[in-house]
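Worksheet for the structure shown next.
Rule-based calculations on the coordinates, nothing more; no lab input. Computed from a prediction, not measured in an experiment: that's the story for all the values here. Cβ: placed from backbone, ideal geometry, glycine included. Neighbour counts: every protein chain shown.
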Amino acid sequence: MNLRSGTFRLSVIMAALMAAAGSLAFAAEDLVLPSPSLPPEKVIDQLVEAGWKEQGTMPAAPADDFNWLRRVSLDLTGRIPTGPEVAAFAADKSPGKKSKVIESLMASSAFVRHQARELDWYLTRDKNSPLSAYLNRALAEKRGWDRIFKELMLANEADASTKGTTVYLKQKVRDLDRLTNDVSVAFFGVNISCAQCHDHPLVSDWKQDHFYGLKSFFSRTFEVGEFLAERDYGVVRFLPNKGKEKQAEFMFLTGAKVAPPGAGEPTKDQQKADAKKVEEWKKSKTQPPAPSASARAKLVELALSAKEKEFFDKALVNQVWYRMFGHGLVMPLDQMHSENPPSHPELLAWLARDFSSHGYDIPRLIKGMVSSRVYGLSSRHEGGSSPPANQFAVARLKPLTPMQMAVALKLAGMVVGASEVEKKVEEAERSARGLADQFPPVSEDFQVGVAEALFMANGSRFNGNEVFPEGADKLLTAMSKAPSDDARADMAVRGVLARPAVADEASFIANYIKRHPGDPKEACRQVIWSLMASPEFRFNY
Amino acid sequence: MNVSAIKLEKNISRPDILFGVARVPGTSKAFVGGSDFKIHEIDIDAAKPESRTLQSAHETYITTLALAGDSIISGGYDGKLIWTKASSGERIREAQAHGRAVRKVAISPDRATAVSVADDMAVRFWNVADGRKIREITGEHQPLTPQGFRSMLYACAFSADGKFLATADKTGHVVVWEASTGKKAATLAVPVMYTWDPNARRHSIGGPRSVAFSPDGSLLAIGGTGKIGNIDHLEADGRVEIFRWAKGDKGEKVHDFITEGKKGLVEHLEFHPGGDILLAAGGAGEGFLSFIDLKQKKIVHQEKSPMNIHAVATADSMKSIVAVGHQRVVKFVVG
Amino acid sequence: MSSIPGSCTPSEHAASRRQFLGAAAASGITAMVSGSSALAGEVAKRGKRVILLWLAGGASQFETFDPKPGAVTGGPFRSIQTSTSGVRVSELMPRMAARLKDTCLIRSLNTKNADHGGGAELMMRGRRDEASVRYPDMGSVLARELGDSESKVPDYVSFYLQSEGQGFSGTGAGFLGARFGPMQLHKGTTPENLSRLDTISASDFADRMALRESWSRAFEKGRVSAALGSHQQAFARVGGLMESQKLFDLSNESAKTREAYGPTQFGEQALIARRLVEAGVPFVRVGRAWWDSHGQNFETHQEMVPELDHVMATLLDDLGQRGMLKDTLVITLSEFGRTPNINASLGRDHFASAWSCSLSGCGVVGGSVYGKTDDRGDKVAEGEIGAARLFATIYKALGINPQKNYHLGSRPVPLTDPGTEPVKEVLA
């Protein structure tokens, strides 16, 4: 590269970036944020409620205890509450009972498994959860999100604590454009692939230089058989939509740059020698050595540095918020840029600061959200038109993920004693995988397909022992042995929907069983089926 | 004959794919034909073999060539048989002999009769001298495979005494006929050579491609390929099945030979006049010549060919072997 | 839904080879679909149907629609004159040759992807998936565009009974979601879960559904959600779909009709496809695998092309006799064609630079040919088009604006890549 032309180009880019600099962040420095020492749930309630006042919004009533318990169980541990849990929660009259439940759910092993599964899907979109072993370990040890980011980027298989991380990069490394964009979406909340082919016309944050700048950090990464390797040289060249081909700089989304790591571009002979080495590693199936300077490590350093970490701090906050509330503070989730402000800028900024200043503690982030009053609102909004989603004045319906659905079906067929909850839940999760494959993954535009309804109506798998098992500890058996139809009704609703039956329901069910006198067990099965096929079961409402 | 003392003597590159070859006895001249629709004359032993194109041409690929006296009889995908004078290259006559592709022409030992088989599933006998149709056999080889797809009638050969004719279709149905009457003498089956894939790809591959009687007429060798897993490719080794057949009988299979390590179809089978050695030639992406010793009951030598072989013409009791196929004419000498 | 300032406009990416990924969804999680509907289009597309004859594995253009007899690449089969003067097809297709009047042959596809999975995805979707966008396939788009949400029949049925290539045959609803995905028939010609189990009586089945419905009604009060609506709708369609099972049962067809389609599986499925579109199914794919003739190309095509010729011609005749052809588009398409070069195993390999497909019936100029390859079939000589223009042409033939936008979040996603023009010459 000619030094003079390089300098020239740099100055042009700098000028462009300076013009854009004010809009790179969400002008966080201008926001007045509540005190950092406040508990997150208080800040959430304060800022969301302020929004209602401003808009004159009437929020939904609080969800009842049963609704809240089901919601928080599904969000924290991926499962519906069991009979004893429902009964104990209803019986508890103490003011701190919700906190107690949150603490106890978060202390259970199911919490780690569920959060790991959710993060796995978020990062890989692979229903086989390829990062499962690693993420379970990382979350069980309460590693921070920054550390998880670093470990996934560095992908050191040799270290026992980071074993199983390579698959994240390996899954995408054959398509570096995709890898670049996936990392940007998952860790920085911005989809910059638009900038792959042109400078964005309106969003000054996004230039082609940004896309190829970020790609530069991955361009040295490649596969050697089953291993991942990184060269200590290599640059990205691209053809801008205007002008001549250019070389990308090692540049982060904010425009911050670093000098190309490593010792510079190699001679042809060096390249030849390197190619030979790669062949040898391939043949001998050995892990190639780490580069003298890793570009990916540079990216981690840069993205987490005090001046540049805003993207990183906010992306997961928004994602977890989306997961808990069914709608992000910024929507779409991958459009966290200056031209697409959050609905609650102070809240996002405060939560991001809190997240970062508490060691990127994911459980803390989740706990703050589910402890808020806003989280506990009903999903039913009576009277008038429903307020817009970005006011968080009514709870959103969240479709169950395939695993949540399958585990719920397993647990709904089961009578669980108070002392065996953990064990039964784990069993249910283990046996739920195959059934989970019968349900489609969840996306924001999620629509229930007719295949699912047909599977539930006519599938021999759904209508057989897997979903309707019999035995001493099984709902169907217990229900058919119950002393009265009213008792049967209550048992069915509690078992499947995790709440007592209301008056109408009980009589409906009792009548249904009476009208089908030939085979009472079959009538019970049909009642259970009808509840499992109800939307109340299908959604986390 | 020491078959392992085989060597490649000529290796002539061609632009076309050749399916037929006939040699002029006592000379180094051969006629070849294939994908350019034309018959070419080549002097194989010339220092720089050049080819001369005869005037006769089919409408499409030539599939088979046979020489009877001074008559070259060629058959093609156009269903035609064309008689060409070997000495002058002049076209003598042409017959729309079949409704579909002619696959093979065989000449009776007395050189008076030519037999053609084709994908219209008919066997037709022709008077070499005047081109008159002597006889036809239809109705035996079925037009459709058991799965309802179009079948193909690939191979035919006379016995050394000219009394019998064997024909083989794609599904592995093989018939021995009395040449003089057209009566069925025996039926044999080589089902392994035909692979119908009902599940993965739902079509077929293979089928017997060559037949040959032993010099004494008691044995019938049938060449093709083995059972194939992935029918996108000719991925099985070549296969030869040998039957001891008798009139009115189903015949008794006496040997299965597999050209181990040599994939593809056996497209040419020929017994050494002594009766103990059987040559099987063919291929897929690459070609091979396999020599089967019937006394030892094994393949005694396999020779790699520079190309996939589609047809062979031997001379001098198999000491001289000319093979044609994918863009090449080659000559091997044995011993 | 509010729109985001600063989202890309589709046209900006028209010139870019690298396709636009703009202000889009995070790997499928934030796809909010909303279609903008042009009223005129809604009328034009009413009652339109599609049957896709999907020749999986890659049928050879030389042995079907673009013969080159006499060329070194031509292979052994001759060409024959068709019912359209000056147009010839392979001699393996005599029936189609005689009834080309409803068919437009397109001989100038250059689709660049000669890999089975990638090619199938491209030719089923009209474009490549992007890092962050999973595009819906043709069937899902047409299920959405041509289907009726209250319909008692499926919107999209796909037959693919052979195991080879089944796992990467290009189907998928992408960002449109499972609602518009195919009813896949992989094991037999009767769909799964369409018939009531023996373990429950018809009256109990209905009672159970009614009980479910009552829970659903109670839950819906005071709750607004598209997902919730889809749940209710999915169950509401169950009864109708179960009725449609009879459509898959050929014993309801006359012996004469069944004979006409022939005894092969492909023929039976084509007949079922006709029954389905007749009953209002907007899109049926009849997959016929596996054409991947790396070895023995000519034997393979001599076996399979006559079946295609027979089934396709019979289907067009049947649709014509029933007066359905003017509203039904029959597409004959593979993921790619086959090489001009004939390999040493007498095979042809994968080839996407110059190959053919055909469109018959609804909205196309019958008895015509669009585009041309060179003498050896190595390159497109005239009228080169890729998957995008083929799709634009197909949509246009069905009365659908190819530039109609769906919205992924704030990002408008047109049915075909921005700026893609349909091929006018093909359209009636």
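Rg/Rh for chain B to two decimals, with Rh computed the Kirkwood way over all alpha-carbon pairs.
We get a ratio of 0.93 for chain B.
In deg cm²/dmol and to the nearest 500, what is the mean residue ellipticity at 222 nm of chain A if only DSSP H runs of at least 4 residues count, each as -39500 (n - 2.57), divided by the residue total?
-16000 deg cm²/dmol
Can you give the charge dipole size of the protein assembly as shown about its Cα centre, rounded to the nearest 20 debye, using +1 on the beta carbon of Lys and Arg and -1 on the beta carbon of Asp and Glu?
Numbers: 161 positive and 151 negative charges, 162 e Å.
That gives a dipole near 780 debye.
Using θ = phi - 60° and the Karplus form 6.51 cos²θ - 1.76 cosθ + 1.60, what ³J(HN,Hα) does each residue of region C:182-198 get, whole Hz, x for Gly and Pro?
For region C:182-198, the Karplus-derived couplings read x, 7, 8, 10, 10, 9, x, 8, 10, x, 6, 6, 8, 10, 5, 5, 5 Hz, x marking Gly and Pro.
Once you treat every alpha carbon in the protein assembly as shown as an equal point and sum by Debye, what is log10 I(q)/I(0) at q = 0.07 Å⁻¹?
Reported log10 I(q)/I(0), two decimals: -0.86.
Using the Karplus curve 6.51 cos²θ - 1.76 cosθ + 1.60 with θ = phi - 60°, work out ³J(HN,Hα) for each residue of region A:238-246 in order, rounded to whole Hz, and write x for Gly and Pro.
For region A:238-246, the Karplus-derived couplings read 8, 9, x, 5, 10, x, 8, 3, 9 Hz, x marking Gly and Pro.
So if I restrict to the alpha-carbon atoms in chain A, what is the Rg, and what is Dmax, the biggest pairwise distance, in Å?
26.7, 92
Hey, how many Å between the Cα centroid of region A:427-460 and the Cα centroid of region C:223-250?
Cα centroid of region A:427-460 versus Cα centroid of region C:223-250: 15 Å apart.
Between helix A:310-325 and chain A, what is the angle of the helix's C-alpha long axis to the longest principal axis, kept within 0 to 90° and rounded to the nearest 10?
Computed tilt is about 20 degrees.
Using amide H atoms built 1.01 Å from N in the peptide plane, name the residues 5+ places from C:Leu185, or on other chains, whose amide H lies under 5 Å from its own.
The answer is C:Ser158, C:Phe159, C:Tyr160.
Which pairs break 23 Å Cα to Cα here: C:Lys101/C:Lys424; C:Lys45/C:Lys187; A:Lys207/A:Lys309? Please report the intermediate quantities before stating the final value.
Working: C:Lys101/C:Lys424 18 Å; C:Lys45/C:Lys187 32 Å; A:Lys207/A:Lys309 19 Å.
Check vs 23 Å cut-off fails for C:Lys45/C:Lys187.
Report the net charge of residues surrounding C:His186, where surrounding means a beta-carbon distance below 13 angstrom and charges are Lys +1, Arg +1, Asp -1, Glu -1.
Once all neighbours under 13 Å are counted, the net charge is 0.
May I ask which residue of A:Val72, B:Val334, B:Ser151 lies farthest towards the positive end of the charge dipole of the protein assembly as shown, with charges of +1 (Lys, Arg) and -1 (Asp, Glu) on Cβ and the Cα centre as origin?
The residue sitting farthest along the positive end of the dipole is B:Val334.
Mind grabbing the base-10 log of I(q)/I(0) for chain C at q = 0.09 Å⁻¹? Debye formula, identical points on the C-alpha positions, no solvent, two decimal places.
Taking Cα atoms of chain C as identical point scatterers yields -0.57.
Just the Cα atoms of region C:194-248: what Rg and Dmax do they give in Å?
Spelled out, the Cα radius of gyration and Dmax of region C:194-248 are 13.2, 41 Å.
Check C:Val369: other-chain or 5+ apart residues with amide H under 5 Å from its amide H, H built from backbone geometry?
Residues meeting the amide H criterion: C:Leu105.
Each residue of region A:415-421 in turn: what ³J(HN,Hα) in whole Hz from Karplus with 6.51, -1.76, 1.60 and θ = phi - 60°, glycine and Pro shown as x?
9, 10, x, 4, 7, 10, 4
Using a Förster distance of 51 angstrom, determine the FRET efficiency expected from the C-beta separation of C:Val224 and C:Asp115, and round it to 0.05.
0.70
Can you compute the modelled spin-label distance between C:Ser83 and A:Lys163, with each label point 7 Å from Cα toward Cβ, in nm?
Each label point lies 7 Å from its Cα, and together they span 7.0 nm.
Could you please state, rounded to a whole Å, how far the C-alpha centre of region C:308-342 is from the C-alpha centre of region B:185-239?
33
Dipole of region C:116-222, Cα-centred, from +1 at each Lys and Arg C-beta and -1 at each Asp and Glu C-beta, to the nearest 20 debye?
That gives a dipole near 180 debye.
Considering only the other residues whose Cβ falls under 15 Å of the Cβ of B:Ala57, what net charge follows from Lys and Arg at +1 and Asp and Glu at -1?
In short, 0.
Compute the helix-to-body angle for A:520-532: its Cα long axis versus the longest principal axis of chain A, expressed 0 to 90° and rounded to tens.
The answer is roughly 30 degrees.
Below 12 angstrom from the Cβ of A:Gln46, what's the summed charge of the other residues (Lys, Arg +1; Asp, Glu -1)?
-1
Could you list C:Ile342, A:Ile80 so that the one with the fewest beta carbons within 10 Å of its beta carbon is first and the one with the most is last?
Exposure proxy ranking, most exposed first: C:Ile342, A:Ile80.
Determine the distance separating the Cα centre of region C:133-162 from the Cα centre of region A:344-380; give it in Å without decimals.
Cα centres, region C:133-162 to region A:344-380: 41 Å.
Treating only the Cβ of Lys, Arg, Asp and Glu as charged (+1, +1, -1, -1), what charge dipole size does region A:172-303 show about its Cα centre? Round to the nearest 20 debye.
280
Work out the charge dipole of region C:132-260 with +1 on the Cβ of Lys and Arg and -1 on the Cβ of Asp and Glu about the Cα centre, then indicate which of C:Leu161, C:Phe248, C:Gly139 is farthest towards its positive end.
Ranked along the dipole, the leading option is C:Gly139.
Computed from the mean reciprocal separation of all distinct C-alpha pairs, what Kirkwood hydrodynamic radius does region B:1-68 have, in Å?
After inverting the pairwise mean of 1/r, the radius is 13.0 Å.
Give the cross-link partners of A:Lys521 among the lysines, using a straight C-alpha distance below 21 Å as the criterion and excluding same-chain residues fewer than 8 apart.
A:Lys410, A:Lys474, A:Lys481
I want the antiparallel fraction of DSSP beta bridges within the protein assembly as shown, as a percent rounded to 5.
Bridges in the protein assembly as shown are about 85 percent antiparallel.
Mind listing the long-range amide H neighbours of B:Thr63? Cut-off is under 5 Å, sequence gap 5 or more, other chains count too, H placed in the peptide plane at 1.01 Å from N.
Residues meeting the criterion, in which the H sits 1.01 Å from N, are B:Gly75, B:Gly76, B:Tyr77.
Which one, B:His272, A:His344, C:Ala270, projects farthest toward the positive side of the charge dipole computed for the protein assembly as shown from Cβ point charges (K/R +1, D/E -1)?
B:His272
Take the Cα pairs of region A:392-541, get the Kirkwood Rh, then feed it into Stokes-Einstein at 25 °C and 0.890 mPa s and tell me D in µm²/s.
Translational D for this selection: 153 µm²/s.
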